[in-house]
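Undergrad: Sharing a structure here in C-alpha cells format.
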Amino acid sequence: MSERQKFAYFKQVGIGLGAGLAVVGLVIGGSIIAGTPKNHGAAKPTQSASAAQSATPTPEPTSTLPACSVAKAASDKKLATLQALVVDAKTMRVLYNVDEARASATASTMKLLTSTVAIQQLGADYRATTRVYQDSSDAGIIYLVGGGDPTLSRTAKGKSSVYKKAPKISDLADQIKAAVGDTAITKIVADGSLFSGPEYLKSWETSERKIGYMSQVSALQADGDRKNPAKETSPRSTTPELNTGKYLRDALGSVAADATVETGVTPTTATQIASVQSQPISNWIDHMLTVSDNTQAEALARLIAIDLNKSGSFDSIDSAYKSVLGGLGLDVSGIKVMDGSGLSDYNAVSPQFMISLMKLLVDTNTDLKLIRKDLTVSGETGSLAWRFNKKNKDAKGQVYAKTGWIKHGYTLVGYINAKDKSKLLFAVYALGKVTADTPTAIDTLVTGFYRCGLALSNG
C-alpha cells in the first residue's frame with residue numbers, strides 16, 4: 001500500500017488520520033537509559049546485540065553552541081497533540097523532548113519493532129513453506145497447507161505480483177500433477193490452521209480491508225489476498241483460504257476440474273507431495289518497510305510467536321515481542337503490542353523506546369543492520385518519496401525513517417544526517433485531531449531538527 005494513496009483518499013472524503021507510540025528507555029537527567037539486559041532465551045546466538053551497551057546514560061552538558069529553536073514549527077496546530085524526542089546519536093544527549101515518556105499508539109512505526117524481532121528471532125534467511133499433502137485413504141483428496149506466507153502468488157509464470165520473485169501456485173500444481181498421475185483430484189482442503197484465533201482485530205478499521213490496506217490474518221492466502229495481485233492497494237476478502245484453494249484448482253486444470261474446495265485441517269496421516277518456499281524474510285522486510293505492507297507485518301508477528309512456542313494468535317504477540325526485545329537489552333516494561341502492523345489504536349510505545357531501538361539499529365553490525373538500510377529516505381524513496389519538498393527540501397535525502405499513519409495520528413521515527421554533520425535520532429508523534437496536512441507539519445519540524453543539528457534546544 002502506498003501511504004500517499006491513503007492520505008489522498010482520506011483527504012478527499014474528509015476523514016481525519018492518526019498514529020501512535022511506545023515506551024522503552026528511561027530519561028534521567030536528560031539522558032536516555034536503556035533497560036537492563038535480560039536473558040529471555042529469545043535471541044538467537046548469532047544475532048546478539050545490546051541496546052544497554054550503546055545507550056549509555058550521560059549527564060546533560062552545558063552546550064557551548066548557540067541555542068537553535070524549533071518552537072514555531074512545534075506549535076503548529078496541525079501537529080495536534082505532539083510527542084517528540086531528539087538525541088545526539090553519538091552521546092545520547094537529549095536535544096529536544098516533548099512528552100516523550102508517554103506510551104501511545106505507534107501506527108506503522110510498529111513495523112520497526114516487528115522487523116527487529118523477526119530478524120533477531122527467525123533470522124534474516126528464514127523462509128515460510130507452503131505444502132500440499134495427499135490423503136492416505138482417498139488419493140483424490142489433497143490438502144493445501146499454509147505456512148504463513150502471504151506472498152504465495154497466483155500470477156502466471158513470467159508475471160509478478162507486488163511481491164518480487166514470490167513462490168507460485170502454478171509450481172505447486174506442476175508438482176501435484178507429477179505426483180498423482182492419472183488420479184483425478186476430487187477435493188481440495190484449504191488449511192490455514194497454523195495461525196490460531198481471530199483473523200481480524202476488533203480495533204482495526206474494516207475499511208482497511210475493504211479499501212485494500214490489510215487482509216485477514218491467515219496462514220494461507222495468495223498475493224496478500226489482493227483482488228488485483230499487481231496493486232499494493234487492492235480490496236481484500238473475508239475468505240482468503242477458500243480463495244487460495246480455488247486458485248490451486250484453476251492451476252491444476254483438467255485433473256481437478258470437478259474438485260470441491262473447502263476449509264479444514266490436514267490429518268497427520270496425509271503424505272506430502274508438493275511444496276514451495278518464500279523468499280527470505282529479509283526480502284519481506286525490505287518491501288514491508290518501503291511501502292508499509294500490513295499483511296506481511298502480521299504474518300511475521302505470528303511466525304515469531306509460533307517460533308517461540310506460542311499460539312500464533314493476536315494474544316501471543318505482546319509476550320513474544322517483549323521476550324525478544326528484552327533479550328536485546330531494551331526495557332519493555334512500558335510497552336503494549338497489539339499487532340505487528342501498528343494498525344490498532346491500542347498499541348502503546350513511547351518515543352523513548354523508539355529512540356532506544358533506533359540506537360540499536362544504527363550501531364549494530366548484526367543482521368539487524370538490514371533494517372537500517374531499508375528505511376525510507378526523505379524526498380527520495382518509499383513512503384517518504386513525496387515528502388520533504390518546497391520549504392523543507394533542504395532536508396531531502398538526509399532523513400531516514402519509517403512513516404506511520406492511522407485514523408487518529410501520524411508518526412515518524414528514524415535518524416537524521418544533520419546539516420552540521422552530526423547524526424540525530426528522532427521520534428515524532430502527532431496524535432489526535434490530525435488532517436491530511438499533518439505530514440507536512442511533521443516534515444517542517446524534522447527539517448528544523450536537521451538545520452539545528454547539535455545546537456537544537458527546547459528553547
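Undergrad: Every residue in the stretch 122-168 that is crowded, with 17+ Cβ neighbours inside 10 Å, assigned to a strand (DSSP E or B) and either touching a residue at least 60 places away in the same chain (Cβ under 8 Å) or of a type in the set (Ser, Thr, Tyr) (or both), please.
TA: Hits for the stretch 122-168 are 130, 131, 132, 133, 134, 142, 143, 144, 145, 153, 168.
Undergrad: May I ask you to list the residues in the stretch 304-320 that are hydrophobic (A, V, I, L, M, F, W, C), open to solvent by 10 Å² or more (accessible area, probe 1.4 Å) and under 14 Å from residue 147 (Cα atoms)?
TA: The one that is hydrophobic (A, V, I, L, M, F, W, C), open to solvent by 10 Å² or more (accessible area, probe 1.4 Å) and under 14 Å from residue 147 (Cα atoms): 306.
Undergrad: For the subset of the stretch 169-194 comprising residues that are assigned to a loop (DSSP other than H, G, I, E, B) and open to solvent by less than 20 Å² (accessible area, probe 1.4 Å), which member is farthest from residue 302 (Cα to Cα)?
TA: Per the criteria, the residue is 185.
Undergrad: Looking at residue 413, is it more than 27 Å from residue 286 (Cβ to Cβ) and either assigned to a strand (DSSP E or B) or of a type outside the set (Ser, Thr, Tyr) (or both)?
TA: No: the conditions fail for residue 413.
Undergrad: State all residues of the stretch 195-225 that are surrounded by fewer than 24 Cβ atoms within 10 Å (Cβ to Cβ) and in contact with an Asp or Glu (Cβ under 7 Å, 6 or more places away or on another chain); if no residue qualifies, say none.
TA: 197, 201, 203, 216
Undergrad: Considering each of 433, 391 in turn, give the residue that is part of a helix (DSSP H, G or I) and either more than 18 Å from residue 70 (Cβ to Cβ) or of a type outside the set (Gly, Ala, Ser) (or both).
TA: Checking each option against the conditions leaves just 391.
Undergrad: Sticking with this structure for a sec: Just one of 338, 358, 354 is aliphatic (A, V, I, L, M), more than 18 Å from residue 372 (Cα to Cα) and in contact (Cβ under 8 Å) with a residue 24 or more places away in the chain; which is it?
TA: Being aliphatic (A, V, I, L, M), more than 18 Å from residue 372 (Cα to Cα) and in contact (Cβ under 8 Å) with a residue 24 or more places away in the chain holds for just one of 338, 358, 354, which is 338.
Undergrad: Collect the residues in the stretch 238-269 that are assigned to a helix (DSSP H, G or I) and of a type in the set (Asp, Glu), keeping them in residue-number order.
TA: 241, 250
Undergrad: If you take the residues of the stretch 226-254 that are open to solvent by less than 30 Å² (accessible area, probe 1.4 Å) and among the β-branched types (Val, Ile, Thr), which of them is nearest to residue 139 (Cα to Cα)?
TA: So, considering only residues that are open to solvent by less than 30 Å² (accessible area, probe 1.4 Å) and among the β-branched types (Val, Ile, Thr), the one nearest to residue 139 (Cα to Cα) is 244.
The values are calculated or read from the model by the stated rules, or taken from the named source; none is laboratory data. Just so you know, these numbers come straight off a predicted model, no measurement behind them. Reconstructed Cβ throughout: ideal geometry from the backbone, glycine too, with neighbour counts over all protein chains shown. Only protein heavy atoms, including side chains, enter the accessible area calculation; ligands, DNA and RNA are left aside. Shrake-Rupley method; radii C 1.70, N 1.55, O 1.52, S 1.80 Å.
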